[in-house]
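The numbers here are math on the coordinates, done by the rules we state, and not lab data. What you see is a predicted model, and the numbers here were worked out from it, not measured in a lab. Methodologically, a virtual Cβ is constructed for each residue, glycine included, from the backbone with ideal geometry; neighbour enumeration extends over all protein chains shown.
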Amino acid sequence: MRISARADYAVRAALQLAASRDDEPLKAEAIADAQDIPHKFLESILNDMRRGGLVLSQRGGKGGYRLARPAEAISIADVIRVVDGPLVSVRGVRPPELSYTGPAQSLLPLWIALRTNVREILEGVSLADVASAQLPAGVSALTDAPGAWVNP
């Protein structure tokens, strides 16, 4: 699985909003500066997140962006789906829409299993979990597995 720059930036921007102590909107420039995200790219991402119902925008001098729901109610999967679409696809196609023959027939259940595991992790972690550095125990345990931090 590959996490795009767009998804990475969207999650980081959402986390910046989740970490905002007061309920005052944050300006895109402040988010971009805090997370070292190109401002123009961030504006496009925030617009997608607004259209996807994850953030609210407010115009004016005291305007900016804020989360549309509590950080506990927004999963990392929600953010990625809004800006990048399905969590797992093969050549841009969702696994249930694929078919294979011959020795490749077992690929479809493999892709479905992969999608299930990706969903389980990303849907099970909220913005509040990450912003507070309190990942669910199951996710934290995965990072402790031998070789988790090693690139083969």
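When only Cα pairs below 8 angstrom with a gap of at least 6 residues are kept, the stretch 81-149 shows a relative contact order of 19 percent. Exposed loop sites are taken as trypsin sites (Lys or Arg not before Pro) in a DSSP loop (any state but H, G, I, E or B) with at most 10 other beta carbon atoms within 10 Å; the longest stretch of the chain without one runs 92-152. Please give the residues of the stretch 99-132, grouped as numeric ranges, whose backbone N is less than 17 Å from a label point set 7 Å along the Cα-to-Cβ vector of V93. Correct set: 99-113, 115.
Each residue of the stretch 90-98 is assigned a 3J(HN,Hα), and the resulting list reads 10, 6, x, 10, 5, x, x, 8, 8 Hz, derived from the Karplus form 6.51 cos²θ - 1.76 cosθ + 1.60 (θ = phi - 60°), x at Gly and Pro. Given Cα pairs under 8 Å that are at least 6 residues apart, what percent is the relative contact order of the stretch 55-111? In percent, rounded to a whole number, it is 16. Rounded to the nearest Hz, the phi-derived 3J(HN,Hα) couplings of the stretch 99-106 under the Karplus curve 6.51 cos²θ - 1.76 cosθ + 1.60 (θ = phi - 60°) are 8, 10, 10, x, x, 8, 4, 6, where x marks glycine and proline.
Averaging the sequence gap over all C-alpha pairs within less than 8 Å and six or more residues apart, then dividing by the number of residues, gives the chain a relative contact order of 24 percent.
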